[in-house]
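See structure below.
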Amino acid sequence: MSLEKRELLKVDGLKQHFPIKGGFFGRTVNHVKAVDDISFTVYEGETVSIVGESGCGKSTTGRAILRLEEPSDGKVYFEGTDLASLSKSEMRKYRKDLQIIFQDPYASINPRQSISDVLNEAMEIQNVLPRKERRKRIIELLETVGLNGSQADRYPHEFSGGQRQRIGIARALSVNPKLIICDEAVSALDVSIQAQVLNLLEELQDEYGLTYLFISHDLGVVRHISDRVIVMYLGKIVEIGDKVSIFDSPKHPYTKALLSAIPVPDPDREREHVVLRGDVPSPIDPPSGCRFHTRCPFAQEKCRVDVPELVTHDGMKQGHEAACHFVEEIESGQLKPNYMEKAAF
Ligand SMILES: Nc1ncnc2c1ncn2[C@@H]1O[C@H](COP(=O)(O)OP(=O)(O)OP(=O)(O)O)[C@@H](O)[C@H]1O
């Protein structure tokens, strides 16, 4: 990454509340607060990952950024332009810059189209290259993602899972995007294939200056690919920072708990072990104050009442922020985890 960081994507106060209909008249009786007022910036050329347990709002964030679902509130700026203010036709221009790769590329590829048709269609929709030049580009793209150009006329079912993910990547690349949202893009693949696809994504990033927003529940994958990491819990960001800060000195008890579940790469280093207990509460009626307080072994009365802000506490590096009232007290050992009391919550 260059020293001069350029903001590519800026998410400001994003909310996605899904209405729940009920009763005889099908009125809105409540909302699923899937994403609840989150803000972050992604700089050009970097990989920012969003991690958190299932249901914390990772995919909804990705979809809201792309306006695959209209956000309930907040702004999404891409290169300074508020995407929500664009008309459908203006937004089409930006669709080219913002691409998404899904977990299951098979589900997003028409099984009756050859790979060549899939890539041609993507380019045609975005007006990329005159028709007669596209075939050559398709062959090039397949070679770029490590497939054989001679396979262009084959159908999706003729490829393995890893190869299909490469086709998904080729399709995203075919329109020359600036930002690719990778939504659990390697989660369905075997570990060795995962590594190959991650390496490919890194090579492509270097070659084309791509920026990735990488959505994953897999901390091993996130440690491999990220420059910076966003940790989400129940629709909120609880911690954000560069990869080293998040993995080597996590500050939020939730991040510590998530990391406790994965092995420490260096056995000489100790990491505080925070046990994650109980189930994630419902995003329909999330806990008051700090949303994590019902599962947090450090929770105090203040945590049940006051919503903590995402801030850089004493001793944290610039750009590393945690939304916890008691970072200093936990770090100094003044506040001990109380698993016994936790059980009585
Ligand atoms: N269209 C929808 N209507 C109602 N609720 C939704 C909708 N889409 C998502 N949700 C809910 O919003 C919450 C966040 O879902 P989301 O898929 O963003 O989570 P996630 O962190 O990506 O988890 P996963 O990895 O399991 O997909 C969940 O409680 C989910 O059930």
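The values are calculated or read from the model by the stated rules, or taken from the named source; none is laboratory data. Everything quoted here is computed from the prediction, not taken from an experiment. Heads up, the Cβs are rebuilt from the backbone with ideal geometry, glycines too, and the neighbour counts pull from every protein chain shown. For the accessible areas, the whole protein counts, side chains as well, though only heavy atoms, and no ligand, DNA or RNA atoms are used. Shrake-Rupley method; radii C 1.70, N 1.55, O 1.52, S 1.80 Å.
Details
- When restricted to residues that are outside any loop (DSSP other than H, G, I, E, B), open to solvent by less than 40 Å² (accessible area, probe 1.4 Å) and over 13 Å from Thr144 (Cα atoms), the stretch 196-210 contains 1.
- Taken across the stretch 56-63, residues that are modelled with pLDDT of 95 or more, within 16 Å of the ligand (Cβ to nearest atom) and in a loop (DSSP other than H, G, I, E, B) do occur, with at least one present.
- Selection count where residues are more than 21 Å from Leu141 (Cβ to Cβ) and among the β-branched types (Val, Ile, Thr), scope the stretch 203-218: 1
- Residue list for the stretch 197-233, filter: free of Cβ contacts under 8 Å to residues at least 12 places away in the same chain and of a type outside the set (Asp, Glu): Asn199
- Yes/no for Asn148 being out of contact with any Leu (no Cβ under 8 Å at 6 or more places or on another chain) and open to solvent by 30 Å² or more (accessible area, probe 1.4 Å): no
- Selection count where residues are over 24 Å from the mean Cα position of the chain (by Cα) and either in contact (Cβ under 8 Å) with a residue 60 or more places away in the chain or surrounded by fewer than 16 Cβ atoms within 10 Å (Cβ to Cβ) (or both), scope the stretch 279-298: 1
- Helices (runs of 4 or more DSSP H) enclosed by the stretch 68-183 - at least 2 residues per element that are of a type in the set (A, V, I, L, M, F, W, C): 115-125, 131-144, 161-173
- Among the residues of the stretch 299-322, just one is closer than 11 Å to Lys251 by Cβ and without any contact (Cβ under 8 Å) to a residue 12 or more places away in the chain, namely Thr312.
- Selection status of Ser245, out of contact with any Leu (no Cβ under 9 Å at 6 or more places or on another chain) and either modelled with pLDDT under 95 or closer than 20 Å to Gly315 by Cα (or both): yes
- Residue list for the stretch 66-78, filter: away from the ligand (no atom under 12 Å from the Cβ) and on the phi < 0 side of the Ramachandran plot: Leu66, Pro71, Asp73, Lys75, Val76, Tyr77, Phe78
- Of the listed requirements (1) within 9 Å of the ligand (Cβ to nearest atom); (2) at positive phi, Glu53 misses just one: (2).
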